[in-house]
1. Around residue 277, which amide H atoms from residues at least 5 apart in sequence, or from another chain, sit under 5 Å from its own amide H, with H modelled in the peptide plane?
2. Return the carbon/sulfur percentage of the accessible area of segment 76-150, one whole number, probe 1.4 Å, all protein chains in place.
3. Would you mind working out the magnitude of the charge dipole of segment 113-171 relative to its Cα centre, with +1 at each Lys and Arg C-beta and -1 at each Asp and Glu C-beta, to the nearest 20 Debye?
4. Keeping all protein chains in place, calculate the accessible area per residue for the chain (probe 1.4 angstrom), answer in Å².
5. Given H placed on each backbone N at 1.01 Å, which residues far from residue 51 in sequence or on other chains put an amide H within less than 5 Å of it?
6. Okay, which of segment 302-338 sit inside 13 Å, backbone N to the point 7 Å along the Cα-Cβ direction of residue 362?
7. Karplus couplings for segment 160-170 from phi (6.51 cos²θ - 1.76 cosθ + 1.60, θ = phi - 60°), rounded to Hz, Gly and Pro as x?
8. Just reorder 33, 269 by solvent-accessible area, largest first, 1.4 Å probe, all chains present.
Amino acid sequence: MRIAVVNNFFPPRPGGSSHLAAALAERYAAAGHEVLVLTAAYEGAPAEEQRSGYRVVRLPAMPMPKLGLSIDFDMAFALARPGNLRRVSRLLAEFRPDVIHQHGQFFDLSWISGWYARRHRVPVLLSIHTRLESPDPKYAALFRTLDRFLVKPIITRFRPRYVIMDELAAHYCAERYGATTADFDYIPVAVEPSRFEGTPETDVRARHGVGDGPLIVSLGHVIPLRDRLALVEALPAVLAKHPDTKVMIIGRVYYDAFAKRAAELGVGHAIITTGVVPPADVPAYFAAADVVAHDLQGGGFGTASLEAMAAGRATIGTVTETNFPAVRLRNWENFVLVRPNAPADLADAVIRLLDEPEEREWIAKRQRDLVYSHFTLDVVTRQHLDVFARMVGERA
């Protein structure tokens, strides 16, 4: 097959969807398929390159202006540059894709490639990585409006199939875009466990002066949907039992409510913020952790948390036991589940994990086994290719 992979986010830009798109493209090519990646320009990356057996074209794009709001994100829009619409059409016409794999429903490269797909009757598979939601009522209303009047009218015109990574995504696509289960392909997010094999060269504890005390690692940009407030509010109880505990928050801080709350509670001394770290250093940060707590507001269980499980670290989540279709989670057997936005529950779980190192290691092993069984890139790549083959067959 000829597979076009489309994502405004792509390495060297950090982020879960960026690295998943690259990993899948590499595996599609390794399986013998022709692959073209279309993405947005990013910080001096070459406009075009051959990478791991496939071609990458980066289109000129305009970064989203920073307005000092909590929804400021590192995004760039290709439609802001004249000529990109024609260039994408030309690139796809030359490549003649059998299928288009889009990442992100609200990215303009998805829209441009969708217009091409509609005109040329090319099947589209759309991976929903981010739901347009916010705990802030005014932003929630804005996102609902954008979904209703901008995103839905555009994407429904090219009638994609949807990659549904969890039950939250299924509900979201049904409610916001009118999709049905007949439009869904249930494929979880994927990670590469081999990244976490071996002993990291970097001593993260020495780098940040943490010492030998308990360390909770929380990886990912700080945004309203991952605000870390529950983690901060759990800290007084954790510190009362384990006073040397540190929390390390890794990623860019777009929303600093957690820091203000930490100051109010007098726990700021226990929090370390590192900013963005290179992807190559992530295994070292997980290796240094005793506990990982990242997705704490009931908004799903993403790549960073699955990677922590793959690294063999006890990882706390706030999803339900039915979160992943066809994958059964069992609390305190192969997972650690607490209620969303529940600092007391979170504190109890952290304290139990720190109090019982043997149980912590046992849970971590079961979580790692779960990743190897259901969430590896090899497993997920096969699922995507099976869907592509079916879509191409139906088109024929």
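The values are calculated or read from the model by the stated rules, or taken from the named source; none is laboratory data. Because the structure is predicted, anything quoted here is derived from the model rather than measured. As a convention, Cβ positions derive from the backbone with ideal geometry for all residues, glycine included, and neighbour counts pool all protein chains shown. Protein only, heavy atoms only, side chains kept; ligands, DNA and RNA dropped before computing areas. Shrake-Rupley method; radii C 1.70, N 1.55, O 1.52, S 1.80 Å.
1. Hits under the 5 Å cutoff: 251.
2. So the carbon and sulfur contribution to the accessible surface is 57 percent.
3. The calculated dipole for segment 113-171 is roughly 520 debye.
4. Dividing the accessible area of the chain by its residue count gives 43 Å².
5. For residue 51, the qualifying residues are 56.
6. 332-335
7. 3J(HN,Hα) across segment 160-170, in whole Hz: x, 8, 10, 7, 9, 8, 7, 5, 5, 5, 4.
8. 269, 33
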